[in-house]
1. Taking the stretch 135-292, how many lysine pairs are there with alpha carbons less than 27 Å apart, if each pair must be eight or more places apart or span two chains?
2. With each label point set 7 Å from Cα along the Cα-Cβ vector, what nm distance links Ala339 and Ser67?
3. Taking the convex hull of the alpha carbon atoms in the stretch 135-292, what volume per residue do you get, in Å³?
4. So how far, in whole Å, is the C-alpha centre of the stretch 249-270 from the one of the stretch 77-128?
5. In a GNM of the chain with a 10 Å cut-off on Cα contacts, which of Ile134, Ile112, Ile96 has the highest mean-square fluctuation?
6. Using a 10 Å cut-off on Cβ atoms, rank the peptides 306-314, 63-71 from the highest mean neighbour count down.
7. Given labels modelled 7 Å from the Cα in the Cβ direction, how far is it in nm from Glu79 to Ser212?
8. Taking amide H positions as placed 1.01 Å from N in the peptide plane, with prolines and chain starts having none, which residues 5 or more places from Gly221, or on another chain, fall under 5 Å of its amide H?
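Each reported figure results from applying straightforward, stated rules to the coordinates on display, with no laboratory input. Remember, predicted model here, so these are calculated numbers, not experimental data. As a convention, Cβ positions derive from the backbone with ideal geometry for all residues, glycine included, and neighbour counts pool all protein chains shown.
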Amino acid sequence: MADRPTLILDVMGADLGIAEMVRGAAQACRAERQGGFHLVLVTAEPESTERLVAAELAAAAAAAQCSFELLPAAQKLPEHFDSPVEVYRDYPQCSIRVAMNRAKDAPSCAVISPGTTGLVMTSALFTLGRVKGIDRPPIGTPMLTRSKHLFFVDGGSNVDCRASHLYQFAVLAHLYIRTTQHIERPSIALLSNGSEAYKGNAVVREAAELLSQDKDLNFVGFIEGHTVFDGEIDIMVCDGFLGNIFLKMAEGLAEVIVGVMRDEIRRDLLAALAAKLIQRRAFRRIANRLDYTRFGGAPLLGLNGNVVICHGRSPARAIGNALLMGRELAQSDIAAQVAQYFETHAPIARTGNGAK
């Protein structure tokens, strides 16, 4: 079992309940094609989780040669809280802290959680720590474009950034895409209010200078909001304030597009009949391409460990895909690559530390 990755699933943070999390774990097992993994389900409700595992997961895990265990968490989190730091301090036996502690002691592992983003990040930072050279770990988010997937950082973890932080985000995304998608020199662009070199605020312009100095990065300049989805770049970099707004607008717009198409078809009987007979497959493919559950979750980069953050409302399909993303991270050893990169590129990283 030592040569298999360990996937640590926090089953307590999901809006749809433990049963949906266990179904997602079963889907990951059924999709497993690389010799199996060890699954740890961290739960504050061990008895009900054990029943669900017996009904939903056990057979799929056995067929895929995956092993599993239940790891009890003695404390349940309150439904609502204002300070992730206070909750981290006051609930040392909550599921996400138990999961992070297990990850700290296990090689080749990843934590997957649909819990509150702030608490997952806080627990990861305090328990796993940052790679040397990284000031603020960002959330990396995969997103669909017309021709390929876009990966952008930061998806919401750092709302106030210096130029050096944006440079670090770009390096982390570069290493992640190079490792997981095997693109040797992924193209990188900074989100700005224009593509011209003089556009952007002072932080964005200084970040562009840092990225231009690093010849190991394929920095292609600025990109505007309306061209992001053209599929011309592999990585987009911005601060977490803009990134979170961008992400939620994109998700909302995708839902609106699919909803408007359905509403218009239902309004016209002839169109509805044509859609049913002729265009059903096309509409189904469109809906599938716009479905965020294909990606499962978003990796938290720059840690001495691997963490995948999921939507709280994640259905089984999203959880299954997030587990598979965690599996890939657990086998990648990206943390060592990040540490080595910043050792060899320290002068560039230090250049931006004074930017405000």
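1. Lysine pairs meeting the criterion: 5.
2. Reported label-point gap for Ala339 and Ser67 is 2.7 nm.
3. 116 Å³
4. If you average the Cα positions of each part, the centres end up 38 Å apart.
5. Most flexible of the set in this elastic network: Ile134.
6. Ranked from most to least packed, the peptides come out as 306-314, 63-71.
7. The modelled label-to-label distance comes out at 5.4 nm.
8. It is Leu190, by chain and number.
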